[in-house]
1. What ranking of Tyr138, Tyr89, Tyr65 emerges when the number of other C-beta atoms within 10 Å of each C-beta is taken as an exposure proxy, fewest first?
2. In the structure shown, do any of Lys55/Lys113; Lys28/Lys95; Lys24/Lys94; Lys87/Lys136 have a Cα-Cα gap over 28 Å, and if so which?
3. Efficiency by 1/(1 + (r/R0)^6): what FRET value for Asp101 and Asn40, r their Cβ-Cβ distance, R0 = 35 Å, to the nearest 0.05?
4. Using the count of nearby Cβ atoms within 10 Å as a rough guide to exposure, how do Thr43, Thr102 rank from fewest to most?
5. For a Förster distance of 30 Å, can you work out the FRET efficiency between the beta-carbons of Val127 and Tyr89, rounded to the nearest 0.05?
6. Averaging sequence separations of C-alpha pairs under 8 Å and six or more residues apart, then dividing by the length of region 1-132, give the relative contact order as a whole percent.
7. If Lys and Arg each add +1 and Asp and Glu each add -1, what is the summed charge of the other residues whose beta carbon sits under 11 Å from the beta carbon of Gly105?
8. If amide H atoms are built 1.01 Å from N in the plane of the peptide, which residues on other chains or at least 5 residues away come under 5 Å of the amide H of Gly63?
Amino acid sequence: MKEPKQLSVSAIQNGTVIDHIPAKNLFKVIQILGLDRFDNQITFGTNLESKKLGKKAIIKISGKYFADDDINRIALVAPDAKLNIIKDYEVIEKKVVEVPDTITGIARCVNPKCITNFESVTTRFKVVSKKNVALKCYYCEKITNQENLQII
Ligand code: CTP
Ligand code: ZN
């Protein structure tokens, strides 16, 4: 007999559900969105089974709808994230995240001699490739790619 579909994390009435986050990056997503500073009710589950990702995480933020620019900041660590906009318990919209054209903060510059690595200067990159992420540093012009991408 097929098990009835059960939610590992309770449904929410209004807000945003971010699904398909790689489990290993859950806390990076929390950090990038600044969820630790929110007063809204937030629930999450991690190491949930996912056919696509192996282990996935999900975050449910009650009473909060994000601007696209804010949510797209998580694309570096959760490229397959799916957003579900919930109103009155219904999913009224689904969105995917998109790597933005520029990245401010979030990532470290690969160049040890870059000013951002020894002075308190916020990193800034132009995204030169979105598929296999490649970031060109605004200060030293070195390329940071997926393999050496370090989240601050
Ligand atoms: N969800 C929720 N609260 C609601 C409605 C939905 O938390 N009131 C969550 C569900 O738990 C699910 C996500 O929002 O994680 C998307 O819901 P739905 O589209 O109903 O689920 P699926 O069909 O499984 O979506 P998908 O296959 O796109 O992941
Ligand atoms: Zn640099």
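Laboratory data are not the source of any read-out in this text; all were calculated from the coordinates shown. What you are looking at is a predicted structure, and each value in this text was computed from that prediction instead of being measured. Don't worry about glycine lacking a Cβ; one is built from the backbone with ideal geometry, like all the others, and counts go over all protein chains shown.
1. If I rank by nearby Cβ atoms, fewest first, I get Tyr89, Tyr65, Tyr138.
2. Distance filter (> 28 Å) returns Lys55/Lys113; Lys87/Lys136.
3. Here the calculated transfer efficiency is 0.75.
4. Sorted ascending by nearby Cβ count, the order is Thr102, Thr43.
5. Plugging the Cβ-Cβ distance into 1/(1 + (r/R0)^6) gives 0.25.
6. Relative contact order here is 25 percent.
7. Once all neighbours under 11 Å are counted, the net charge is +3.
8. Correct list: Asn14, Gly15, Thr16.
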